[in-house]
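Visitor: Attaching a single structure in structure tokens format; questions to follow.
The values are calculated or read from the model by the stated rules, or taken from the named source; none is laboratory data. Since the structure is predicted, the reported quantities are computational estimates derived from the model, not experimental observations. A quick note on method: Cβ atoms are made from the backbone with ideal geometry, for glycine too, and the neighbour counts reach across all protein chains shown. These accessible areas exclude ligands, DNA and RNA; they are computed on the full protein's heavy atoms, side chains included. Shrake-Rupley method; radii C 1.70, N 1.55, O 1.52, S 1.80 Å.
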Amino acid sequence: MQGRLRRHLTVSVMASCIGTVMVAIVNGISLPLLLVHLGATGLQIGLIAASQQLGVLAQMPACLLVEHAVPRREFWGITATIHRLLWFVPPVLLLIPGLGNQTRIWVMLGAIALSATMGHAACIPWFSWMADLVPGDVSGRFWGIRQAAVMSVFIVATWAVGEALDRYSVASGGGSMTGFVVVFTIAAAMGVADILLHWTVPDPCPAAAGGVSAGGQLRQAWRDADFRWFTCAMAAWMFGMGATGPFSAVYLKSVFSASYTELSVMAVAGALGSLVCGIPAGRLVDRIGARTMAALMMFAGPVTAMVPWFLIDASAQTRVHLPFPGLGDMPLWLAIIAPFSFVVGMMFSVIGICQIQLVSLIAPKFGRMLPLAAHWSAAGISAAMGALAGGLIMDLSVAHKLPGRTFSGMPVSYLHVLVVVHAVIGAFVASPSLRRVSERGRGMEGVRELLRASNPLRIRAPLLNIFPFGQRPDAGRDGQDGRGCRDDSHAEGAKK
């Protein structure tokens, strides 16, 4: 049975890798750059980014349906498939002759908003499904391995997208949208293939709410101080992420005339950082504790991410040769940003692993889906507000020149404002809020032990000995829920 569980988890990771091709395209540089190509304003870019987050409002009714009427996996399969199919709309719009670009933008906004609604409706049933399937004592390692696998695919897909867009742009003199048609069609097709493969993974019997009403479940979760502080911390964090996310590529394209390949290098560098630290980070989270790791990264990550934007200069014509296949000499600004992107990718990926583990630990075991939906809804709405704020700041900075210059002599722009706001929120709102959550793991004791073990002046056991899996408080549960349902493969995995 343990071997069967391992096979199911392997299939889940393989399906996620296929779906990552879609994620790399629709959540990467392609969408904001397509909007710029169509002549979208900052507000329109922010609206489309916000619509992808505001779909979280569908999570609460989706959870009620799954709790009382529709089987969890079947509901996920239907809504996730619709979510993926709707991404065929952008390439179809680009192929319609004579259609105005503003019409394309607004129809695209409607399709993406509906797609996001379906995707978010499918999100919580999937997380609940995985939380019941993955044994508690290896949760950190599983999510770390999964992250390393999907980031490997993300790197290849991002690089390929940049190359494809540049090749089509050069061949057409920069005016054709054929490259966008190709990559978005591939994205939608790979997204549907992900759902078909993932459908073969069994769904353990979910834990029931034990007769507690929806309002009672939410009140019970909100009375938990850990749940409140964790949700507030992630909402603050996602506001900063939403404000900066879509606009860095727009800034580099408009101010530095960056090519699609150069922009993909920046994204690949961040993904490489996530890939490199995925498995070790999962083990460290199990060892040290998710709260401590995430709080440290929320403080240090945005500050690190802010630095290169004040050092780069669009007027510098210097090119640097780095051993990056297919790129040749890269501009100095990219040589500065790429190493920072690598480090920041490591830091931000740790936060993602910690969030997934903490939300499954903090949310009640029985009636888990509604509290999960409340948490992700708060984070998503906050990210949408951040995206709208970022778009408005972009339009205002274009209309009214901002005072001051950076260390490199560049005029201060909307992006400099946004990265500073993200750093302030991370250091003074998100990280302090998360530190109010009770630690799940070794906490600072684990950090001190890690530092002692890695001290080269001390004779210690080999460094790898610091990585045994920490025991979670619920690691011994037997996979039985309030209705007497039991998933034997889960129970066997937990005992292992």
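Visitor: Residue under question is Ala221, and the condition is that it be more than 30 Å from Tyr260 (Cβ to Cβ) and either at pLDDT 90 or above or not in a helix (DSSP H, G or I) (or both); does it hold?
Guide: no
Visitor: When only residues in segment 355-409 that are at pLDDT below 85, of a type in the set (A, V, I, L, M) and surrounded by fewer than 19 Cβ atoms within 10 Å (Cβ to Cβ) count, which is nearest to Leu133 (Cα to Cα)?
Guide: Val398
Visitor: Report, ordered by the first and then the second residue, all pairs with beta carbons closer than 9 Å, sequence separation of six or more or different chains, a first member in segment 36-49 that is more than 16 Å from Leu418 (Cβ to Cβ) and among the basic types (Lys, Arg), and a second member that is assigned to a loop (DSSP other than H, G, I, E, B) and open to solvent by 20 Å² or more (accessible area, probe 1.4 Å).
Guide: none
Visitor: Under 6 Å between Cβ atoms, at least 6 apart or on separate chains: pull out the pairs that start in segment 1-17 with a residue that is over 22 Å from Ala188 (Cβ atoms) and end on any residue that is assigned to a helix (DSSP H, G or I) and open to solvent by 40 Å² or more (accessible area, probe 1.4 Å).
Guide: From segment 1-17, the pairs are Met1/Asp488; Met1/Glu492; Gln2/Glu492.
Visitor: Now for a different question. Using beta carbons and a limit of 7 Å, which pairs, at least six apart or on different chains, have the first residue in segment 228-244 and among the polar types (S, T, N, Q) and the second one open to solvent by less than 50 Å² (accessible area, probe 1.4 Å)?
Guide: Hits for this filter: Thr231/His375; Thr231/Ala378; Thr244/Gly390; Thr244/Leu418; Thr244/Val419; Thr244/His422.
Visitor: Follow-up question, since we're still on this one. Name every residue in segment 405-419 that is without any contact (Cβ under 8 Å) to a residue 40 or more places away in the chain and part of a loop (DSSP other than H, G, I, E, B), in order of residue number.
Guide: Within segment 405-419, the subset without any contact (Cβ under 8 Å) to a residue 40 or more places away in the chain is 405, 411-412, 417.
Of everything in segment 405-419, just one residue is without any contact (Cβ under 8 Å) to a residue 40 or more places away in the chain and part of a loop (DSSP other than H, G, I, E, B), namely Val412.
Visitor: Does segment 308-330 contain any residue that is in contact (Cβ under 8 Å) with a residue 60 or more places away in the chain, among the small types (Gly, Ala, Ser) and open to solvent by less than 30 Å² (accessible area, probe 1.4 Å)?
Guide: The answer is no; no qualifying residue exists.
Visitor: Regarding Trp76, is this residue open to solvent by less than 50 Å² (accessible area, probe 1.4 Å), free of Cβ contacts under 8 Å to residues at least 60 places away in the same chain and in a helix (DSSP H, G or I)? If you could, list the steps in order and put the result at the bottom.
Guide: Numbers: open to solvent by less than 50 Å² (accessible area, probe 1.4 Å): yes; free of Cβ contacts under 8 Å to residues at least 60 places away in the same chain: yes; in a helix (DSSP H, G or I): yes.
So Trp76 fits the description; yes.
Visitor: Would you mention how many residues in segment 234-259 are open to solvent by less than 20 Å² (accessible area, probe 1.4 Å) and more than 18 Å from the chain's Cα centre (by Cα)?
Guide: 4
Visitor: So, one more: Does at least one position in segment 260-283 carry a residue that is over 26 Å from Val398 (Cα atoms), under 22 Å from the mean Cα position of the chain (by Cα) and free of Cβ contacts under 8 Å to residues at least 60 places away in the same chain? Steps first, answer last, please.
Guide: Here is the first cut: in segment 260-283, the residues over 26 Å from Val398 (Cα atoms) are 265, 268-283.
Still in the running and under 22 Å from the mean Cα position of the chain (by Cα): 265, 268-283.
Checking the rest, the ones that are also free of Cβ contacts under 8 Å to residues at least 60 places away in the same chain come to none.
No, segment 260-283 contains no residue that is over 26 Å from Val398 (Cα atoms), under 22 Å from the mean Cα position of the chain (by Cα) and free of Cβ contacts under 8 Å to residues at least 60 places away in the same chain.
Visitor: For segment 278-288, how many residues are crowded, with 24+ Cβ neighbours inside 10 Å and modelled with pLDDT of 75 or more? Explain how you work it out, then say what you get.
Guide: Within segment 278-288, the first condition is being crowded, with 24+ Cβ neighbours inside 10 Å, and the residues that meet it are 278, 281-282, 284-286, 288.
After this cut, where a residue has to be modelled with pLDDT of 75 or more as well, the list is 284-285, 288.
Count: 3.
Visitor: Of the residues that make up segment 344-353, is at least one in contact (Cβ under 8 Å) with a residue 12 or more places away in the chain, of a type in the set (Phe, Trp, Tyr) and over 20 Å from Ile425 (Cβ atoms)? Walk me through it before giving the result.
Guide: Just the residues of segment 344-353 that are in contact (Cβ under 8 Å) with a residue 12 or more places away in the chain, to begin with: 344-353.
Applying the additional criterion that residues be of a type in the set (Phe, Trp, Tyr) yields 348.
Going one step further and asking which of them are over 20 Å from Ile425 (Cβ atoms), we end up with none.
For segment 344-353, residues in contact (Cβ under 8 Å) with a residue 12 or more places away in the chain, of a type in the set (Phe, Trp, Tyr) and over 20 Å from Ile425 (Cβ atoms): absent.
Visitor: Any residue in segment 129-138 that is in a helix (DSSP H, G or I), modelled with pLDDT of 80 or more and open to solvent by 30 Å² or more (accessible area, probe 1.4 Å)? Walk me through it before giving the result.
Guide: First, the residues of segment 129-138 that are in a helix (DSSP H, G or I): 129-133, 136-138.
Now restrict to residues that are modelled with pLDDT of 80 or more: 129-130, 133.
Then drop every residue that is not open to solvent by 30 Å² or more (accessible area, probe 1.4 Å), which leaves none.
Looking through segment 129-138, none of the residues is in a helix (DSSP H, G or I), modelled with pLDDT of 80 or more and open to solvent by 30 Å² or more (accessible area, probe 1.4 Å).
Visitor: Condition test on Arg452, is it open to solvent by 60 Å² or more (accessible area, probe 1.4 Å), basic (Lys, Arg) and at pLDDT 75 or above? Break it down stepwise before answering.
Guide: Numbers: open to solvent by 60 Å² or more (accessible area, probe 1.4 Å): yes; basic (Lys, Arg): yes; at pLDDT 75 or above: no.
So Arg452 fails the test.
Visitor: Further question on the same structure: Filter segment 143-154 down to residues that are among the β-branched types (Val, Ile, Thr) and at pLDDT 85 or above and give me whichever is most open to solvent (accessible area, probe 1.4 Å).
Guide: Taking segment 143-154 and keeping what is among the β-branched types (Val, Ile, Thr), we get 145, 150, 153.
Still in the list and also at pLDDT 85 or above: 150, 153.
Values: Val150: 14, Val153: 40 Å².
So the residue we want is Val153.
Visitor: In segment 1-60, which residues are surrounded by 23 or more Cβ atoms within 10 Å (Cβ to Cβ) and hydroxyl-bearing (Ser, Thr, Tyr)?
Guide: Thr20, Ser30
Visitor: Suppose we filter segment 83-101 for residues that are assigned to a helix (DSSP H, G or I), open to solvent by 40 Å² or more (accessible area, probe 1.4 Å) and touching a Leu at 6+ places or on another chain (Cβ under 8 Å); how many remain?
Guide: Count: 1.
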